[in-house]
Amino acid sequence: MSLGVTRLRLMRVTRPFIERMPGPFYRVALLAGWVAWTFREDIRENVIRNLTPLCDGDRERARRFGLRACQNVGQYWVDLISLPRRNMAAFEAEHLELVNGHHLEAMETPGPIVAVTAHTGNAELAVQALTFRGRAFVALVEPQEPPEWSQCLIDLRRSAGGRFYPADFSGVRASLEALREGHILGTMGDRDIQGSGICIELFGRKTKVPRGPWEMARRTNALVMPIFCTRKRNDDFRVKFEEPYRVHVSDDAECDVRRAAERYGRLLEAHLRSDPAQWAVLEDFWRVHACGTDGHGQS
């Protein structure tokens, strides 16, 4: 039985309970994260390797953050499963602390916006909540196997009002159409799930990050809005907005895209250093997304 099928069956069993009383399940998620950290050596080693560069090479410090990173992954699933019963219109006022909130003035100006986030806190939930300020929202998400599991996740995410598409050709086309209509596109800027990323330096390592956010912003003259999310406790979050910017347009499209990605990469580094435990990535990130060569023996 595949992992996706197992997750789908578990979702069907637990969903009615988690939807109705998410509070206790946030505590259950902390326990589940501890179990994964304690008994899954592969997950534990991946997380430690992922966080070590964020901790300036201090593996023991990375280990101390690692448990909380696994627990944050568990709590993300409670966020997602309980989404259909959330009052998203009130979520910003009740659960979000905004930092540099004046940058949200860009949402009041007509025109497309590419909101670029990362796998920290629960950025997709935060962005969805902010769209209740009156802007239509679409997002690209990683396809999953089997297709029934992927559709289940998309349906959960759509329950809050946004439109979600798999990050494939049809999803990119729908996203470009939405941008041309002046809507908000939500994307992740850290994991290159399509395998076509652009190579930048991140924490001193040559790393592939997604090119899609910057290419689509360049093609539609969309404003790039970097947004970083930190989980404070359970379903309370701190959301930090960096200064919006546009992708420069020159005769060298590849250079334009790389410069925009590098600018985001510097912001991402600062955010991840501030609290490494927020980075909810369980794959061996630096191996999976390595590109070129660097001083760490990666190629």
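Within the range 35-46, is there a residue that is in contact with a Pro (Cβ under 6 Å, 6 or more places away or on another chain) and not hydroxyl-bearing (S, T, Y)? The answer is no; no qualifying residue exists.
Scanning the range 175-192 for residues that are buried (at least 16 other Cβ atoms within 10 Å of the Cβ) and not in a loop (DSSP other than H, G, I, E, B) returns S175, L176, A178, L179, I184, L185, G186, T187, M188. Taking residues in the range 87-114 that are within 17 Å of I227 (Cα to Cα) and of a type in the set (D, E, K, R), and partners anywhere that are modelled with pLDDT of 95 or more and surrounded by fewer than 16 Cβ atoms within 10 Å (Cβ to Cβ), the pairs with Cβ atoms closer than 8 Å and at least 6 places apart or on different chains are E97/K232; E97/D236.
Any residue at all in the range 66-84 that is hydroxyl-bearing (S, T, Y), within 29 Å of R135 (Cα to Cα) and in contact with a Pro (Cβ under 7 Å, 6 or more places away or on another chain)? Yes: one or more hits.
Total residues in the range 206-234 satisfying the condition of being within 16 Å of L96 (Cβ to Cβ) and either buried (at least 21 other Cβ atoms within 10 Å of the Cβ) or under 16 Å from the mean Cα position of the chain (by Cα) (or both): the figure is 6. Quick check: anything in the range 60-82 farther than 18 Å from D275 by Cβ and surrounded by fewer than 16 Cβ atoms within 10 Å (Cβ to Cβ)? No: zero hits. Of everything listed in (1) surrounded by 20 or more Cβ atoms within 10 Å (Cβ to Cβ); (2) over 18 Å from the mean Cα position of the chain (by Cα); (3) closer than 21 Å to S274 by Cα, the single unmet condition for E243 is (1).
Residue by residue, here is whether (1) part of a helix (DSSP H, G or I); (2) at pLDDT below 95 holds:
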position	(1), (2)
K206	no, no
W214	yes, no
E243	no, no
H248	no, no
E254	yes, no
A277	yes, no
D294	no, yes
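Contact map, the range 8-19: residues that are under 12 Å from L156 (Cα atoms) and in contact (Cβ under 8 Å) with a residue 12 or more places away in the chain paired with residues that are among the basic types (K, R) and assigned to a helix (DSSP H, G or I), Cβ distance under 7 Å, separation 6+ or inter-chain. Pairs shown: E19/R85.
Pairing each residue of the range 229-241 that is closer than 15 Å to M88 by Cβ with any residue that is of a type in the set (D, E) and outside any strand (DSSP E or B), provided the two are 6+ apart or on different chains, yields C-beta distances under 7 Å for D235/D79.
Which residue out of L179, L185 is over 15 Å from the mean Cα position of the chain (by Cα) and closer than 27 Å to H102 by Cα? Steps first, please.
Working: L185 fails: over 15 Å from the mean Cα position of the chain (by Cα).
So the residue among L179, L185 that is over 15 Å from the mean Cα position of the chain (by Cα) and closer than 27 Å to H102 by Cα is L179.
The values are calculated or read from the model by the stated rules, or taken from the named source; none is laboratory data. From a predicted model like this one, the values you see are computed outputs, not experimental measurements. FYI the Cβ positions are ideal-geometry reconstructions off the backbone, even for glycines, and counts take in every protein chain you see.
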